[in-house]
Amino acid sequence: MKKLKKAKNLLIGAHMSISGGIFNSLIYGKELGCTTIQIFTKSNNQWKAKELTPEDTNRFLENQKETGISSVVAHNGYLINLASPKEDIYQKSLEAMLIEVQRAELLAIPYLVIHPGSHLGSGEEEGITKIAHSLNWLHQKTEGCQVGICLETTAGQGSSIGYRFDHIAKIIDQVKDNRRLGLCYDTCHTFAAGYDIRTKKAYKDTFEELDKIIGIKRLKVFHINDSLKDLGSRVDRHQHLSEGKIGLEGFRMLMNDPRWESIPKILETPKEEGNVKDRMNLKVLKSLIK
Ligand code: MN
Ligand code: MN
Ligand code: ZN
């Protein structure tokens, strides 16, 4: 009985579709037994978005009450690159980010997870500075908004920034008012980037390093994915729990770590068989809770 109750109180869920209306994501999440969900608030591979109507937002907030899913995380679109050296893409990215924050604010979503950006050859330092500038601009444009932006750890594929903890620390350092900045720890990305959590010692060391460099108080969201590729491969390929290179022990430690008790833990594992795989991964995750 005790086990069941504890699992219920934890925030565990998955990335959910918004097909048929943003408010449906909560219904889909509830059907799966999620206590938290992540969504794109617009199409993730287009710049443009239809404006949210008052009906959309009202139905979203109503469905939140009805489903009891009070914890929702937003994720930004994939075209956005806040480190782009290409001026046209950069300007589009800023405008798109502004819309992302405004939409999250309208939906009362507390956290917006973003990919820091890819420097595309301009170099990591320059990329980091550009991302920080972007966030300064964004904070100014959205003064008074409650939405916190969470920088996601990356695998380090291509020229992406954020695969070392110190990249993220440097961005935070260069943002003037960084109270609204948080961290999203993606277990697949971070593992592929070279941070191990498979053994007790590795787990302890990784989070000690994170605390030393970024500070664990910044940690607001976990993305729970196993990794198809090896430690340090710098290849971003999500895998189902227990079928990847991380294995279950790392996730067991993470799920039972009291420091993360109130932090949403969200699956982004492949959706190849619709809900079947989500159900399986959620079941595995819940079974790890002591
Ligand atoms: Mn992401
Ligand atoms: Mn992720
Ligand atoms: Zn990924």
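The values are calculated or read from the model by the stated rules, or taken from the named source; none is laboratory data. Given the structure is predicted, the values throughout are model-derived calculations rather than measurements. Note that we place each Cβ from the backbone using ideal geometry, even for glycine, and neighbour counts take in every protein chain shown. Heavy atoms of the whole protein, side chains included, go into the accessibility calculation; ligands, DNA and RNA do not. Shrake-Rupley method; radii C 1.70, N 1.55, O 1.52, S 1.80 Å.
The table for this structure:
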read-out	value
Charge sum, other residues only, whose C-beta stays under 15 Å from residue 46's C-beta, Lys/Arg counted +1 and Asp/Glu -1	+2
Karplus-derived 3J(HN,Hα), 6.51/-1.76/1.60, for each residue of segment 106-117, Hz, glycine and proline x	4, 8, 6, 8, x, 10, 10, 7, 10, 7, x, x
Stretch gain in nm, segment residue 31-residue 50, where the contour uses 0.36 nm per residue and the Cα spacing is subtracted	4.2 nm
Apportionment of accessible area to carbon and sulfur, the chain, percent (1.4 Å)	51
Most fluctuating residue given options 129, 53, 142, as computed from a GNM of the chain linking Cα atoms under 10 Å	53
Reachable lysines from residue 42, criterion Cα separation under 25 angstrom, eight or more residues apart if same chain	30, 50, 65, 86, 92, 130, 141, 220, 265, 271, 277
Cα-based shape type of the chain, given that a ≥ b ≥ c are square roots of the gyration tensor eigenvalues and the cut on a/c is 1.5	oblate
Amide H contacts under 5 Å for residue 12, placed H, 5+ residues apart	35, 36, 265
Per residue, in Å², the accessible surface of segment 1-136 once ligands and nucleic acids are set aside, probe 1.4 Å	49
Cα gyration tensor shape for segment 75-231, rounded if a/c is under 1.5, else prolate or oblate	prolate
Coil-residue trypsin sites (Lys or Arg not before Pro) of segment 44-97, DSSP, other Cβ within 10 Å capped at 11	48, 50
Projected-area average for segment 1-157 over all orientations - Cα convex hull basis, square nanometres	10.7
Calculated from backbone phi, Karplus (6.51, -1.76, 1.60) coupling profile of segment 241-258 in Hz, x at Gly/Pro	4, 6, 10, x, 7, 6, x, 7, 4, x, 5, 5, 5, 5, 5, 9, 7, x
Per residue accessible area in Å² of segment 166-290, where ligands, DNA and RNA are left out and the probe is 1.4 Å	45
The chain: most fluctuating residue of 21, 158, 274 per GNM, C-alpha cutoff 10 Å	274
Ellipsoid equivalent to segment 154-270 - semi-axes via the Cα gyration tensor, in Å	22, 17, 13
Max mean-square fluctuation residue, GNM over the chain, Cα-Cα springs under 10 Å, options 49, 104, 132	49
